[in-house]
Amino acid sequence: METFQVHILAADHTFYEGPCVSLTIPTSDGEQGILAHHSSMIAAVRPGTLRYQVPGEEPRLAAVSPGMVKVEDNDVLVLVDSAERPEEIDVVRAQREIEEAREALLQKRSRQEHQIAQATMARALNRLRVKNMGIGR
């Protein structure tokens with residue numbers, strides 16, 4: 001299978017750089033699949049599950065937060081606030097974040113605080129979903 005270079009960069013670390021057979025990324029327009037020689041594009045990444053396959057290996061998963069993806073000349077750049085492998089996700093922390101966000105949503109707060117609480121809850125729920133998808137791999 002043909003490959004392309006992928007660079008998955010989180011705000012605080014390089015998540016993965018190297019050859020890739022396929023990449024599926026959650027974008028504002030839905031899931032976007034990328035293979036070798038994909039046409040050039042730029043898209044917003046939304047919180048969700050990123051899937052990528054390294055040559056000769058099973059597909060891998062990651063929980064990603066908002067960011068952007070750029071495809072150009074068989075090279076893919078993914079920039080996100082955070083990217084976590086299922087085994088790196090702390091279930092207790094994610095559940096605590098969900099409870100704190102629920103409490104914040106129940107309180108009468110500003111629109112901005114409400115949106116922050118919603119985003120926090122969405123990220124934590126996504127992390128738990130990816131953690132559960134990664135069990136048994």
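Tabulated values for the structure
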{"item": "Residue pairs meeting the criteria (Cβ under 8 Å; at least 6 apart or on separate chains; first part of a loop (DSSP other than H, G, I, E, B), in segment 107-118; second surrounded by 13 or more Cβ atoms within 10 Å (Cβ to Cβ))", "result": "109/117"}
{"item": "Verdict on residue 27 being among the hydroxyl-bearing types (Ser, Thr, Tyr) and under 15 Å from the mean Cα position of the chain (by Cα)", "result": "yes"}
{"item": "Any hit, segment 65-75, residues being crowded, with 20+ Cβ neighbours inside 10 Å and without any contact (Cβ under 8 Å) to a residue 24 or more places away in the chain", "result": "yes"}
{"item": "Selection status of residue 109, over 22 Å from residue 30 (Cβ atoms) and either surrounded by 12 or more Cβ atoms within 10 Å (Cβ to Cβ) or in contact with a helix residue (DSSP H, G or I) (Cβ under 8 Å, 6 or more places away or on another chain) (or both)", "result": "yes"}
{"item": "Near pairs, Cβ below 7 angstrom, 6+ apart or cross-chain, from segment 46-59 (farther than 16 Å from residue 131 by Cα) to any residue that is part of a strand (DSSP E or B) and of a type in the set (Asp, Glu)", "result": "none"}
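Bear in mind these aren't lab numbers, they're just calculated from the coordinates by the rules spelled out. Bear in mind the structure is a predicted one, so any value in this text is a computation, not a measurement. Cβ coordinates were reconstructed from backbone atoms using ideal geometry, including for glycine residues, and neighbour counts include every protein chain displayed.
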